[in-house]
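Report on one structure; see the data block that follows.
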Amino acid sequence: MSLLVLEHPKIRLPRELRTKYIRRVGDKINLTIPFQGKPRPVATWYKDGQPIDPKVVNVRNSNVDSILFIRSAEREHSGKYELVLQIENMEDRATIEIRIVEKPGPPVNMRVVDVWGFNAALEWESPRDDGNCEITGYTIQKADMKTKEWFTVYEHNRRTHCTATDLIMGNEYMFRVYSENFCGLSEEPRMCKNTAVIAKTGLVQKQHSYREKEITCVPKFTQPLVDRSVVAGYSTAISCAVRGFPKPKITWMKNRMIIGEDPKYLMQNNQGVLTLNIRKPSTFDGGKYSCMAVNELGKDEVECTLNVRIPTAPSKE
């Protein structure tokens, strides 16, 4: 004999569980899912299509809710959890995607790929272990071989290459890189396989370095433009770095329009490090800025957004 269903089963999934639920390794997970239905519904949990193992995940059901509890989250707890609520042949379902993350491993195969002037081009590869979530960037550091003191060159660098600039003539540099995700920087960095020697002018090394550089290559930006937010009336600058041979022609654009001989802008090219200085910008000067490098072999382009905001007046006491 079937029961008289007074109220259909209905899961009230909390808003914060409707998108991916991300927690760190070691966190406690305690999810309360309210529901309704009369007579009391039967609540059953599944993980990736299989019934939940009560030895791994604790579940407690009452008349009005179901609680899923994990004392100390591990990456293996990641997956799609489905709550099925049943009264007789009526049911409701809700899915929660849980992802357990931790800090990533270090990047791999970091190396110096080119040295010219006072610059060194660096490349590396993504870490083998991303910590179970997206790699958001890299922190690159340099150290003079004499002092062995580390200084940060770039933070939150999104590409797997960059150019270290303003290196000192006659010095030898080593480099290291950390990967970064939602949980922070990797515990350990990846040391660079080789060093960069910034040759003194007039020495034999310069001749050798010049011959190496003459190998033709398509333009490639080794450091992108980065989005900026500045206050109107205060001069600012955006910069990037490019390499290529023959030496590429550089074009700066604002909202896809080429920037001409406007006195508001000063364009500089210091051995491949490109800078666009913007004198006292107004809100009109905000927009998308791009830089294009072209030679006979091809072209490359980078873009960023400049947001110019009105300075806020100090509040009166």
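For the residue pairs LYS10/LYS103; LYS103/LYS299; LYS80/LYS103, the alpha carbons lie more than 27 Å apart in LYS10/LYS103; LYS103/LYS299.
A viscosity of 1.306 mPa s and a temperature of 10 °C, combined with the Kirkwood radius over C-alpha pairs in the Stokes-Einstein formula, give segment 1-153 a diffusion coefficient of 82 µm²/s. Using the 1.4 Å probe convention, the accessible area of segment 1-150 works out to 56 Å² per residue with neighbouring protein chains retained. In this label model, ASP27 and LYS148 are separated by 3.9 nm, measuring between points 7 Å along each Cα→Cβ vector. For the pair segment 79-135 / segment 141-160, the C-alpha centres are spaced 24 Å from each other.
Using helices alone, what [θ] at 222 nm do you get for the chain, with -39,500 (n - 2.57) per DSSP H run of 4 or more residues, divided over all residues and rounded to the nearest 500? List each step's numbers first, then the result.
Details: 1 runs with 10 residues, N = 317.
So the helix-based figure for the chain works out to -1000 deg cm²/dmol.
Ordered by 1.4 Å accessible area with all protein chains kept, ILE135, ILE98 run largest first as ILE135, ILE98.
The protection proxy used here, the mean number of other Cβ atoms lying within 10 Å of each residue, ranks peptides 53-63, 25-35, 156-166 as follows, highest first: 156-166, 25-35, 53-63.
Can you tell me the order of 170-180, 74-84 when each peptide is scored by its average per-residue count of other Cβ atoms within 10 angstrom, highest first?
With the highest mean Cβ count within 10 Å placed first, the list reads 170-180, 74-84.
With semi-axes defined as the square roots of five times the eigenvalues of the C-alpha gyration tensor, the equivalent ellipsoid of the chain measures 55, 27, 18 Å, largest first. Which stretch or stretches of segment 139-163 have amide N atoms under 18 Å from the point lying 7 Å from VAL113's Cα along the Cα→Cβ direction? 139-141, 154, 157-163, by backbone N distance to the label point. Comparing ASP129, ASP262, ASP300 in a Gaussian network model of the chain (Cα springs below 10 Å), the most mobile by mean-square fluctuation is ASP262. For HIS8 and HIS156, what does the FRET efficiency come to when R0 = 45 Å and r is the distance between their Cβ atoms, rounded to the nearest 0.05? Calculated value: 0.35. Using C-alpha pairs under 8 Å with a sequence gap of at least 6, the mean separation divided by the residue count of segment 211-281 gives a relative contact order of 36 percent. Karplus-based coupling profile of segment 254-260, in residue order and whole Hz: 10, 6, 6, 9, 5, 7, x, with θ = phi - 60° in 6.51 cos²θ - 1.76 cosθ + 1.60 and x standing for Gly or Pro.
If R0 is 25 Å, the Cβ-Cβ spacing of LYS249 and SER282 corresponds to a FRET efficiency of close to 0.30. For the chain, a crude dipole built from +1 on the beta carbon of Lys and Arg and -1 on the beta carbon of Asp and Glu, taken about the Cα centre, is about 460 debye to the nearest 20.
Amide H contacts of ASP300: ALA293, each under 5 Å away and 5 or more positions distant or on a separate chain (H built 1.01 Å from N in the peptide plane; Pro and chain starts excluded). With a cut-off of 14 Å between beta carbons, the residues surrounding ASP129 carry a summed charge of -3, where Lys and Arg count +1 and Asp and Glu -1.
Our summary gives segment 53-193 a relative contact order of 23 percent, counting only alpha carbon pairs under 8 angstrom and 6 or more residues apart. Summing Lys and Arg as +1 and Asp and Glu as -1 over all other residues whose Cβ lies under 10 Å from the Cβ of TYR265 gives a net charge of 0.
The values are calculated or read from the model by the stated rules, or taken from the named source; none is laboratory data. Bear in mind the structure is a predicted one, so any value in this text is a computation, not a measurement. Cβ coordinates were reconstructed from backbone atoms using ideal geometry, including for glycine residues, and neighbour counts include every protein chain displayed. The area values use the complete protein model at the heavy-atom level, side chains included, leaving out ligands, DNA and RNA. Shrake-Rupley method; radii C 1.70, N 1.55, O 1.52, S 1.80 Å.
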